1. Once you list every other residue whose beta carbon is under 14 Å from the beta carbon of residue 2, what net charge do they have if Lys and Arg are +1 and Asp and Glu are -1?
2. I'd like the orientation of helix 129-147 relative to the chain: the angle between its Cα long axis and the longest Cα principal axis, in ° from 0 to 90, rounded to 10.
3. Per residue and in cubic angstrom, what volume does the convex hull of the Cα atoms of the chain have?
4. Could you compute the net charge surrounding residue 105? Neighbours are other residues with a C-beta less than 10 Å from the C-beta of residue 105; K and R count +1, D and E count -1.
5. If each DSSP helix of 4+ residues adds -39,500 (n - 2.57) and the sum is divided by the residues in the chain, what number results at 222 nm, nearest 500 deg cm²/dmol?
6. For residue 41, what residues show an amide H to amide H distance below 5 Å, using hydrogens built from the backbone and excluding near sequence neighbours?
7. Tell me which residues come under 5 Å, amide H to amide H, from residue 51 once H is placed; ignore anything under 5 positions away on its chain.
Amino acid sequence: MPVIILKTLIDAPIERCFDLARSIDLHLESMQRSAEKAIAGKMNGLIGLNESVSWRAKHFGWQFTMISKITAMRQPDFFVDEMTKGPFKNLKHQHLFKAIGMQTEMTDIFQFEAPFRVFGRLAEKVFLERYMEKLLLGRNGVIKLEAEGRKVKEQPGH
């Protein structure tokens, strides 16, 4: 099962970073390229412990629906979201936050497993891991810009 670990240093307080990472609205803004939409459950605002959201998005030319649930949370240190229904065999995303002076280190530990056994493992190695890492980097960039008070829309590629 692939594991992607990313660290993002943000010039903002830990509480702000924690809330922005839980923001449904900011998540939607960060996923505009895949036309992601919240279609059921918690559809805006800050998602909390034991809350779920249903997402619909287009990836690789196909439309996917996925339900994610917040399964663990300790504010402002971490939260975990897990796929309860969707295109992956397993998907777990740990969001960790650590205050370092006036900055916050945001760490993502993203684990996923594609379906279809051998073909799924091949897809993970050939393109899925790289694709998922790129999505996470883009999302983290949006969180960083928003947390630091910069405009997302002013940045190239948005």
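1. Combined, the nearby Lys, Arg, Asp and Glu give +1.
2. Compared with the principal axis, the helix lies near 20 degrees.
3. 105 Å³
4. +2
5. Rounded to the nearest 500, the figure is -8000 deg cm²/dmol.
6. 54
7. It is 70, by chain and number.
Quick note: the coordinates plus some simple rules give every number you see, no bench work behind them. It should be emphasised that the depicted structure is a prediction, and the values quoted were computed from it without experimental measurement. For neighbour counting, all protein chains shown are included, and Cβ atoms are generated from backbone atoms with ideal geometry for every residue, glycine included.
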